[in-house]
Amino acid sequence: MIFVLLPLTGAVIGWVTNVLAIRLLFRPLQPFRLGPLTFQGLIPKRRGQIAYTVGDVVAEQLFSVDELAEQLDMPAIRRKMEWLVCIAVDRWCGEKIGMLPKSVRQTLSQRLSDLVTAEVVHQFPQMVELLITHMREQVDVRVIVERKINALPLLEVERLVLSVARSELKQIELLGAVLGFLIGLLQALLVFWLV
């Protein structure tokens, strides 16, 4: 009987302990006072520090403004800018020199469009570098990530973590049961040999 009771008791204790430990990562969401002690889940309690650390890791190791710039298709952006310049010049010419004969207006519009487009193409690398420089100065990936994590409701954070790590957390719970079973079996063996 001892070889059944102790291992099963150990398995239940190990499983329950790990289930509670996982739940206590998040619960209670709000601080709960019991006499002089205050209880709160680890993640809600340290949310700000966790958000800062995750933001720091993302900014330092996973994502940067330079990597974002590398992903941009600069030739396609340049072609789009040329097209937009042509449309803007054509609209401007239609508004400002619309009283001229159509052939003169079209010739002037085309010439002006060619000049402005050539200048935009010539200045495009400097414009891109200026944009990227301003993004480096003004976009702080760590702050953005930290702000987004801190803005998430705690229940949503819990749901996200549990959805991402559900199978691993179940394995931890089962490992508690297995270890508890083995410890109970070891206790049964010790009791059997000592008694």
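Observations
- Counting only alpha carbon atoms, the long axis of helix 154-194 and the longest principal axis of the chain meet at about 20°.
- The angle between the Cα long axis of helix 47-57 and the main principal axis of the chain comes to about 60°, on a 0 to 90 degree scale.
- Going through (1) 1.05; (2) 0.94; (3) 1.39, the figure that equals Rg/Rh (Cα atoms, Kirkwood Rh) as computed for the structure here is (3).
- Reported to the nearest whole Å, the Cα centre-to-centre distance from the stretch 1-65 to the stretch 71-120 is 61.
- Considering only alpha-carbon pairs that sit under 8 angstrom and 6 or more positions apart, the relative contact order computed for the stretch 2-194 is 49 percent.
- When peptides 143-154, 92-103 are sorted by average Cβ neighbour count within 10 Å, with the highest value leading, the order is 143-154, 92-103.
- Cβ-to-Cβ counts within 10 Å put 20, 185 in ascending order as 20, 185, the fewest first.
- Axis of helix 102-138 versus longest Cα principal axis of the chain: the two differ by about 30°, to the nearest ten degrees.
- Within straight-line reach of residue 102, meaning a Cα separation under 20 Å, sit the following aspartates and glutamates at least 8 residues removed in sequence or on another chain: 90, 114.
- Dipole magnitude of the chain, debye to nearest 20 (Cβ charges: Lys/Arg +1, Asp/Glu -1, about Cα centre): 720 debye
All of the numbers you see were taken from the coordinates with simple rules; none came from a lab. From a predicted model like this one, the values you see are computed outputs, not experimental measurements. Please note: Cβ atoms are built from the backbone with ideal geometry, for glycine as well, and neighbour counts cover all protein chains shown.
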